[in-house]
Amino acid sequence: MRIDVVTIFPEYLEPLRAALLGRAIERGLLSLGVHDLRRWTYDVHKGVDDSPYGGGPGMVMKPQVWGEALDEVCAGDPAPRLVVPTPAGRPFTQAMAHEYAAEPHLVFACGRYEGIDQRVVDDAATRMRVDEVSIGDYVLVGGEVAVMVIVEAVARLLPGVLGNPASAQQDSFSDGLLEGPSFTRPEVWRDRAVPDVLRSGNHAAITRWRRDRAIERTFERRPDLLAALPPDALDKHDRAL
Ligand SMILES: O=C(OCc1ccccc1)c1cn[nH]c1
């Protein structure tokens, strides 16, 4: 998979070259290109933003600069997928992470200020798939951190990136529920013991216990996820929790 990121703060994306993802890049499991948007400016001040038509606070990123940047970064690629993080985007989900993990080429546009002139997205959409995506209901200063979130969620799904692929299968949300609590040694820590069932070796009981804790936690923290489950997902026992 090829990933390109266009940003006015290329150094902000350096953490993607560290640790697990850095090793995946070194191993050629994915390639990452980070491009400074100012490379496509043409004025001495390397301006990338201007005042918003219609007034209002803040600045908007200029269409000309973005248009030329995306033309070059997407050049020669029949089907890049452009992802633009924005608070106004469609919610990013684990399902989308799986969708993106199947793409040969992802291009990320990092907005700053109040965002990017809408015509950039509209123009790009005439020749590639464009997703305006939100990673949550809050406002960041720029799209760079959101890109790192999305890239990490996608890259960990690529074959060979995670040491233990099973953990990507048993992800939170993979069965529509939140993960329940986890424990490791010591058996007792600050007078708190690990639940007996987890040391019983009774795998049916352990599976049931884990599912019960997952349902309880989902009910407690994300009732919306419970409501979204297919009707037959929870049995009588589950509903009695
Ligand atoms: O703040 C975000 O993106 C950066 C951004 C982009 C455009 C204008 C302002 C800020 C964001 C929040 N949830 N998902 C994305």
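Descriptive notes on the structure:
- Lys62, Lys46, reordered so the largest accessible area comes first (probe 1.4 Å): Lys46, Lys62
- Once all protein chains are placed together, Tyr12 keeps about 110 Å² accessible to a 1.4 angstrom probe.
- Mean projection area, nm², convex hull over Cα of the range 10-69: 6.0
- Rel. contact order, % - alpha carbon contacts under 8 angstrom, at least six apart, the range 62-217: 23
- Counting all C-alpha pairs of the range 122-241, share separated by more than 18 Å (%): 70
- Long-range amide H partners of Arg2 with built H, under 5 Å: Ser31, His105, Leu106
- Principal axis analysis of the Cα atoms in the chain yields extents of 70, 43, 39 Å, listed in decreasing size.
- Residue with peak Gaussian network fluctuation, the chain [Cα springs, cutoff 10 Å], from Gly142, Gly115, Gly201: Gly201
- Between Leu20, Leu30, Gly89, the Cα set farthest toward the positive side of the dipole of the range 1-91 (charges on each charged residue's Cβ, about the Cα centre) is that of Leu20.
- Calculated FRET efficiency, His203 to Asp224, Cβ-Cβ distance, R0 = 51 Å: about 0.95 to the nearest 0.05.
- For the chain, the dipole from Cβ point charges (+1 on Lys and Arg, -1 on Asp and Glu) about the Cα centre works out to 900 debye, to the nearest 20.
- Scanning residues 5 or more positions from Val83 or on other chains, those with amide H under 5 Å from its amide H are Val107, Phe108, Ala109, Asp131, with H placed 1.01 Å from N in the peptide plane.
- The chain: most fluctuating residue of Phe92, Phe219, Phe183 per GNM, C-alpha cutoff 10 Å: Phe183
- Cα gyration tensor of the range 60-137 - equivalent ellipsoid semi-axes, whole Å, descending: 19, 18, 9
- For the options Asp117, Asp175, Asp49, a Gaussian network treatment of the chain with springs between C-alpha atoms closer than 10 Å singles out Asp175 as fluctuating the most.
- Packing-based ranking, highest mean first, of 211-217, 64-70, 25-31 given that Cβ atoms within 10 Å are counted: 64-70, 211-217, 25-31
- Couplings 3J(HN,Hα) for the range 33-39, derived from phi with the Karplus relation 6.51 cos²θ - 1.76 cosθ + 1.60 (θ = phi - 60°), are x, 10, 10, 7, 3, 5, 4 Hz, where x marks Gly and Pro.
- Summing Cβ point charges (Lys, Arg +1; Asp, Glu -1) relative to the Cα centre of the range 121-201 gives a dipole of roughly 440 debye.
- Net charge of neighbours whose Cβ lies under 14 Å from the Cβ of Arg90, counting Lys and Arg as +1 and Asp and Glu as -1: -2
- Over the chain, accessible surface divided per residue gives 58 Å², non-protein components excluded, 1.4 Å probe.
- FRET efficiency, Glu216 to Ala102 (Cβ-Cβ, R0 25 Å, nearest 0.05): 0.15
The values are calculated or read from the model by the stated rules, or taken from the named source; none is laboratory data. This is a predicted model, so every value here is computed, not measured. Glycine gets a Cβ as well: all are built from the backbone with ideal geometry, and neighbour counts include every protein chain shown. Areas reflect the complete protein model, heavy atoms only, side chains present, ligands, DNA and RNA absent. Shrake-Rupley method; radii C 1.70, N 1.55, O 1.52, S 1.80 Å.
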